[in-house]
Protein chains: 2
Amino acid sequence: MTQLRERKKQQTRQTISHVATGLFIEHGFERTTIADIAEAAGVSKMTVTNYFPRKEDLFFDAADMVVRWPARTVAEREIGESALAAIRRAYLAATERQDPLLGRFAPGFARLIADSPALRSRLREVYDQQEQALAAALTEAVGPGGGLLEPRLAAAQLAATLRVLMEEARHRTLADERDDDAFFSGLAALAGQAFTLLEPALGDYAVRSA
Amino acid sequence: MTQLRERKKQQTRQTISHVATGLFIEHGFERTTIADIAEAAGVSKMTVTNYFPRKEDLFFDAADMVVRWPARTVAEREIGESALAAIRRAYLAATERQDPLLGRFAPGFARLIADSPALRSRLREVYDQQEQALAAALTEAVGPGGGLLEPRLAAAQLAATLRVLMEEARHRTLADERDDDAFFSGLAALAGQAFTLLEPALGDYAVRSA
DNA sequence: CAAAAATATTGGTCGGACCTAAAAATTCTC
DNA sequence: GAGAATTTTTAGGTCCGACCAATATTTTTG
């Protein structure tokens, strides 16, 4: 089985990530060293670095998902649906299933981010990659016809709205909003208003043709 | 004279910044160490760090201006003028006077940014601070009446547009667009389109009352 | 000019990122 | 299943940016 090796790798990766998260929550991000993590996980420092090239990656392990979902949503939008409508629909669906992707971290996580410049910087990078991926998807969606700047402007506005919503979600989580149902329905209401603001500019942008 | 010391400080600051810029252009950002800069400027490493806490500050010495101008523009908008209109007017005025603030760096600078992850990260931070300052100005402008999220959404959209325009300016500079007149008039045309996109959503947001 | 205040320097520590060579573990091949 | 090939992990080290404490120097003020 060529999968035994793969399973072990995932296992050690998981162990390292888990141990690191525990240490971060316990002592803070900056005050936890890679050496600490390596020792606690029972591996060498270099192994930690091999799995997680930058220290911040130990924290934002699910960043890829956040980066990709808006672009994927646009790429898979239904016939007759605009990019904005697809993203709005996907966002509201995520609130229905109470997806942590929207920024509903554990309070401990939210606090770590708020307290660490390095983590906030990494988060900005994630948002940026999300926007770039979205711009690429929109460029693909509208074809070579439209102006070159339009997809980037549209991506920037969509991503900016998503980012504000995510920051608000983190902020509310920090402010100790405990009831998940209330949290997510509140978020859905905000998102409705936010996306409606974009409607006049983007309501019929990148509508998928039959 | 309490100003002689001040002048000397500005002098050494200027010297360090100038020397650093030369070394960056010559060898690249990451390949230039703070020790190199200190030695070339004839000061100690710690002196460099005192004037420029982070290495990236040696490069983005005028970041404050970029961070503040949109917020200041909104705060000083004319009676009957919306935030969007004020920013559009200020942007077009900047193209008239061919202000480097809009992203018209020397080609060497633009290349350094493109090649350095650390500089791009710092640039993201600048954009973020620009947006936060703008959000604060808008919150101030609309008073306690409006929803809490609206100013942040408006700031995010305005800042996103400015950022795309600035990236485009950097990109065109890199692509060796030499004629300043053509460059800035092209930028003005793009900006016109970009701001017009925001018109339906923000055209009457934060209009200054008499 | 002497005392006080602000600034610069020296000489360190620390930690994250990176590298190389070698050892260990796993998979592939016969 | 043994040995070869490949991949993963380790050990030990360098480099550099960020930071700190104590000292020295310069500037300002009385």
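Read-outs: derived from the displayed coordinates by stated rules, not from any lab. The structure presented is a predicted model; accordingly, all values stated were derived computationally and were not measured. Here the Cβ is made from the backbone with ideal geometry for all residues, glycine too, and neighbour counts use every protein chain on show.
Remark: label point of A:ALA188 defined 7 Å out from Cα along the Cα-Cβ vector; separations to the same position in other copies 5.0 nm, ascending. Equivalent-ellipsoid semi-axes for the stretch B:107-210 (Cα gyration tensor, √(5λ), whole Å, largest first): 30, 18, 9. In the structure shown, the pairs A:LYS45/B:LYS55; B:LYS9/B:LYS55; A:LYS55/B:LYS9 are assessed against 25 Å; a Cα-Cα span above that value is assigned to A:LYS45/B:LYS55; A:LYS55/B:LYS9. Placing a label point 7 Å from Cα along the Cα-to-Cβ direction at B:GLY143 gives distances to the equivalent points in the other copies of 5.1 nm, listed shortest first. Computed from Cα atoms, the angle from the helix A:63-75 axis to the main principal axis of chain A rounds to 20 degrees. Once a ≥ b ≥ c are taken as the square roots of the eigenvalues of the Cα gyration tensor of the stretch B:2-58, is the result rounded (a/c under 1.5), prolate (a/b larger than b/c) or oblate (a/b not larger than b/c)? Prolate shape, in that a/c is at least 1.5 and a/b is the bigger ratio.
When +1 charges are put on Lys and Arg Cβ atoms and -1 charges on Asp and Glu Cβ atoms, the dipole computed for the stretch B:2-58 relative to its Cα centre reaches about 340 debye.
Per residue of peptide B:190-202, the mean number of Cβ atoms on other chains within 10 Å of the residue Cβ is 4. Residues A:ILE16, A:ILE87, arranged from fewest to most other Cβ atoms within 10 angstrom of their Cβ, appear as A:ILE16, A:ILE87.
Between A:VAL43, A:ILE79, A:THR32, the Cα set farthest toward the positive side of the dipole of the stretch A:1-102 (charges on each charged residue's Cβ, about the Cα centre) is that of A:VAL43. Label point of B:ALA106 set 7 angstrom out along Cα-Cβ; within the stretch B:173-198, amide nitrogens under 15 Å from it belong to B:174. Full extension of the segment from A:ALA189 to A:MET65, taken as 0.36 nm per residue of separation minus the current Cα-Cα distance, would add 42.3 nm. Cβ-Cβ distance of B:GLU199 and B:GLU39, R₀ of 51 Å, FRET efficiency by 1/(1 + (r/R0)^6): the value works out to about 0.40. For chain B, a crude dipole built from +1 on the beta carbon of Lys and Arg and -1 on the beta carbon of Asp and Glu, taken about the Cα centre, is about 660 debye to the nearest 20. Report the far tail of the P(r) of chain A, meaning the percent of Cα-Cα pairs longer than 31 Å. I get 31 percent for the Cα pairs in chain A exceeding 31 Å.
Protection proxy ranking of B:172-184, A:30-42, by the mean of other Cβ atoms within 10 Å over each peptide's residues and highest first, is A:30-42, B:172-184. Altogether, the Stokes-Einstein calculation at 25 °C and 0.890 mPa s, with the Kirkwood radius of the protein assembly as shown over Cα pairs as Rh, returns a diffusion coefficient of 103 µm²/s.
In the assembly of identical copies, B:ASN50 has its label point, taken 7 Å from Cα in the direction of the beta carbon, separated from the corresponding points by 4.6 nm (ascending, one decimal).
Treating only the Cβ atoms of Lys and Arg (+1) and Asp and Glu (-1) as charged, compute the dipole magnitude of the protein assembly as shown about its Cα centre; round to the nearest 20 debye.
Details: 52 positive and 58 negative charges, 221 e Å.
Roughly 1060 debye, rounded to the nearest 20.
This ranking places B:GLU131, B:GLU140 by how few other beta-carbon atoms lie within 10 Å of each, fewest first, which gives B:GLU140, B:GLU131.
Going by alpha carbons, how many degrees (0 to 90, nearest 10) lie between the helix axis of B:83-96 and the longest principal axis of chain B? For helix B:83-96, the angle is close to 50 degrees.
Given a Förster distance of 45 Å, report the FRET efficiency between A:LYS9 and B:ILE79 from their Cβ-Cβ distance, rounded to the nearest 0.05. About 0.10, to the nearest 0.05.
Simple rule: put +1 on each Lys or Arg Cβ and -1 on each Asp or Glu Cβ in chain A, find the dipole, and look at A:TYR127, A:LEU198, A:ALA20; the Cα lying farthest toward the positive end is A:ALA20.
Sort the stretch A:42-130 into rounded, prolate or oblate with this rule: let a ≥ b ≥ c be the square roots of the eigenvalues of the Cα gyration tensor; rounded if a/c is under 1.5, and if a/c is not under 1.5, prolate when a/b is larger than b/c, oblate otherwise. Prolate, because a/c is 1.5 or more and a/b exceeds b/c.
Residues B:ILE79, A:ILE113, arranged from fewest to most other Cβ atoms within 10 angstrom of their Cβ, appear as B:ILE79, A:ILE113.
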